[in-house]
Amino acid sequence: MRELFKSRLFRRLFYTYIIVIFTCLIVYTSFIIYENYQINKIKRERRSELLLDEVGSILDRRFTNAQNIVQNLSYSTAMKQLYMNSKLGTVLDSYNLFMIQSELKNTMASGGLSVYKTIIFLNGSDKAYSSSGVIKLSGAFNAENVEYPYLELATLNDAFGFDSKRYSFQKECLLYCDAYTYQNGSEIGTICILFDLKNMRNDLNSVISSGYGLSILYGDEELIAMGGKEGKVFSSESSCCPDLFYQVYASREPFAEENVVFYILLGVMVLISLGFVYLAYRESRKYYMPIDHLDQLVKEEKGLRAAETDRKGIFSGNDEMENLIDGIRNLIGEKNGYREKMMTITPYARTGVLHSMITGDIGSENIRILSKEHYIDLIKPYFIVGVTDLAYIGAKTEEENHGDGLKEVFQVMAETFSTEEVRIVSYFRDSSHVFLIANVEKEEPMDDLFYQIHKYLCTALGQENYAVTMGVDILREDINELQEACEGAMTALDGILTDGRGEVYFLEENSGKTADYYFPTSFREKLKKYLEKDRKEELCAMLADIYRRNWDMGGNPEMYRGLIDELHLSIIKTLKEITELNTTHFSVEKYRGLATLQEVFDYYSAALCSIADSLYEQAVQVQEDSRLEDEILAYIDENCYDTELSLQMISEHFKVSSKYLSLLCRKRYDMTYLQYIQDKRIRRAAQLLSEKKYSLSEIAVMCGYANQLTFRRNFKSIMGVNPSDYR
């Protein structure tokens, strides 16, 4: 080996291989290192995002359940009765108490094991209500001036300043508190949902991997912290709870094991490279040996020629040997070039592509239409598209998922009606609409084919309580018109509006003339009046009259589509006017499915009757609220000169909150409760002073002031002078 490396030719050949091998190794290693870094970075970010999604899913699911519990309780009949009893000061009977406890137990069941307890506090009441019964409080509950909803990690005693000995008030939980509202939107209390921390931490621990940290923030306050807080921070905001954020801390430690594997693979690559070095040595020696033998021959030939030259004086052997070596080198180079060309062309020859390139038969005549994972081969010149509408007409309680059965029916149908001249395939757009594509050989009408298919499907699906309706497009030959063909088939289904379900409708050329439909100009005014006055019978009669008149006209589907559009637009505009005068928003979604004209009018009639009922209930509630407001204001005017009168006294008398009373005074008098009382009292004091019959101390008591100093201060702030100086 040592003698081989003495040869400059061998060294050049061997070092050339070595340079190529190590250049490839360095380039490949650099690429792998960079790719590994990028992949680990992406994996770290992706894993952190997945952890955020899982953490958000765990907590958002709880808070969504909490929101549903609050909404269900706010609209619960039993809870309304609780509020009315509390408002009127009556005692709950055992049946109502049982219904309230059952309602609260149901909320706990709907929240799963994560909800430890649900407790309701009513403003001004010294009782709280939970699934375990009525809880006596140390004092009347008054909600703090907070923005609902809000979260807090604390006990109920710490959160609301209670000193209850109950375990549920002393247990530390994640509190979700929201306003308990009545139908008129007024806040009548607070609903507290207690989430069990142990259960929540177990759920979070199940998704947090090793090397990750978690922090749950509500505003600037950290509610829950798990793991370390080192590494890159990934954060997201809760989708259902404002000011709630989730943060995941991702360190590099989770990827240490992957890096070990990477270095092992890198070591394997080095070993493989060393193996290639050994092969390079063998190949270099293999190609060098013939030249070495020739070199030996040259040396021997040179010795013989030298002796002969001594005799003849001629020496040319060295030049001949060098020419021979050059020729061999050129031959090796040509051989390597030939081998390289064969290796380049061999894959093409093996796959048959080379033969196709020579003969010119490289293209394919089949046209493929791709749609997601489905495709068909249109090998015949014409095609026609139909769409099948499947409407379930059985009892809704008996409706089942027949997806697999429907696909089998259509597969058997396609095999039954496919021939050498006609090939049929089906594609399910959804559970109600199936597209049929018939690829045909000749340009001829396909009406009989689709009538036969329709009859077959009616027989096969009739026992499944399905009404089968088909819309069929015209025959086409340009595959680029496939989308137009599908739209044409759907347009043909508009025949359901006029002739009902269970038929086959073919696309017809539009003449461009559409008959004018009947629609009363006073529709919006009458609709608004009927809705506001709860005159549902007249409303239904008006819609029935519009339907009957247009049906008697015998219009086409385009005419009835225009009628439905104007009907919906008029309803939306009318509801917008009504909504502007009410606190509740009313709207009706447009009927977008395939249906008869009668079904469309029945839909709008039922929707409008429901809105009329809601408006009536709202009007009754407004009247009750207005009557209560009048009673409260009359009570204030009657007792405004009583020294014992206070906002708390009025609140307890009428079972309403102090906040409600303050808002009522601002609404009616454009001033606060205290401003109104002081104004009434000082005006009477001024009248009594002008009569000059009573002393200042007597006037102060007569006007509701137990403290004469307070009377003097208030009098001067309103009248601008002291009582003694007033004239």
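Read the figures in this text as sums done on the coordinates, not as results from a lab. Predicted, not measured: the structure shown is a model, and the values here were computed from it. Ideal geometry is used to build each Cβ from the backbone, glycine not excepted, and the neighbour counts take in all protein chains shown.
With a ≥ b ≥ c taken as the square roots of the eigenvalues of the C-alpha gyration tensor of the range 445-551, please select rounded if a/c is under 1.5 and otherwise prolate if a/b is larger than b/c or oblate if it is not?
Numbers: a/c = 3.31, a/b = 1.88, b/c = 1.76.
Here the range 445-551 falls in the prolate category.
Just to check I understand the Karplus step: with θ = phi - 60° and J = 6.51 cos²θ - 1.76 cosθ + 1.60, what whole-Hz values come out for the range 518-526, glycine and proline as x?
8, 8, x, 6, 8, 4, 5, 5, 5
Charges at C-beta only: +1 for Lys and Arg, -1 for Asp and Glu. How large is the resulting dipole of the range 523-620 about its Cα centre, in Debye rounded to 20?
Numbers: 14 positive and 17 negative charges, 37 e Å.
Dipole magnitude for the range 523-620 comes out near 180 debye.
Greater than 20 Å separation of Cα atoms is the criterion. Which listed pairs, LYS117/LYS655; LYS80/LYS536; LYS105/LYS165; LYS80/LYS655; LYS136/LYS655; LYS87/LYS533, meet it?
LYS117/LYS655; LYS80/LYS536; LYS105/LYS165; LYS87/LYS533
I want the local charge near GLU525. Using Cβ-Cβ distances under 14 Å, sum +1 for each Lys or Arg and -1 for each Asp or Glu among the other residues.
Around GLU525, the charge tally is +4.
If you add up the charges near LEU663, with Lys and Arg at +1 and Asp and Glu at -1, over every other residue whose beta carbon is less than 11 angstrom from its beta carbon, what do you get? Mind showing how you got there, number by number?
Numbers: positive: LYS659, ARG666, LYS667, ARG668; negative: GLU187, GLU629.
Here the count lands on +2.
Convert each backbone phi in the range 225-237 into a coupling constant with the Karplus relation 6.51 cos²θ - 1.76 cosθ + 1.60 (shift: θ = phi - 60°), then list the ³J(HN,Hα) values in order as whole Hz, x for Gly and Pro.
10, 9, x, x, 10, 10, x, 6, 9, 10, 9, 8, 9
Under 13 Å from the Cβ of ARG61, count the other residues' Cβ atoms, weight Lys and Arg +1, Asp and Glu -1, and hand me the total. Can you show the working numbers first?
Numbers: positive: ARG62; negative: ASP53, GLU54, ASP60, ASP203.
Here the count lands on -3.
Got a sec? How would LYS41, LYS165, LYS655, LYS127 order by Cβ neighbour count within 10 Å, fewest to most?
With the sparsest Cβ surroundings first, the list reads LYS165, LYS41, LYS127, LYS655.
If you keep only loop residues by DSSP, which chymotrypsin sites (Phe, Trp or Tyr not before Pro) in the range 648-721 have at most 16 other Cβ atoms within 10 Å of their Cβ?
Taking the range 648-721 and a limit of 16 other Cβ atoms within 10 Å, the loop chymotrypsin sites (Phe, Trp or Tyr not before Pro) found are TYR694.
Hey, fewest Cβ within 10 Å first, where do SER74, SER94 land in order?
SER94, SER74
Residue by residue, what Karplus-based ³J(HN,Hα) values in Hz, rounded to whole numbers, does the range 478-490 have, using 6.51, -1.76 and 1.60 with θ = phi - 60° and x for Gly and Pro?
After applying 6.51 cos²θ - 1.76 cosθ + 1.60, I find 9, 5, 5, 8, 4, 5, 4, 5, 5, 5, x, 5, 5 Hz.
Sorted from fewest to most neighbouring beta carbons within 10 Å, what does the list SER114, SER210, SER273 look like?
On the way: SER114 21, SER210 8, SER273 17.
Ranking SER114, SER210, SER273 by Cβ neighbours within 10 Å, fewest first, gives SER210, SER273, SER114.
Measure out, as a whole number of angstrom, how far apart the alpha-carbon centroids of the range 189-246 and the range 26-53 sit.
About 27 Å separates the Cα centre of the range 189-246 from the one of the range 26-53.
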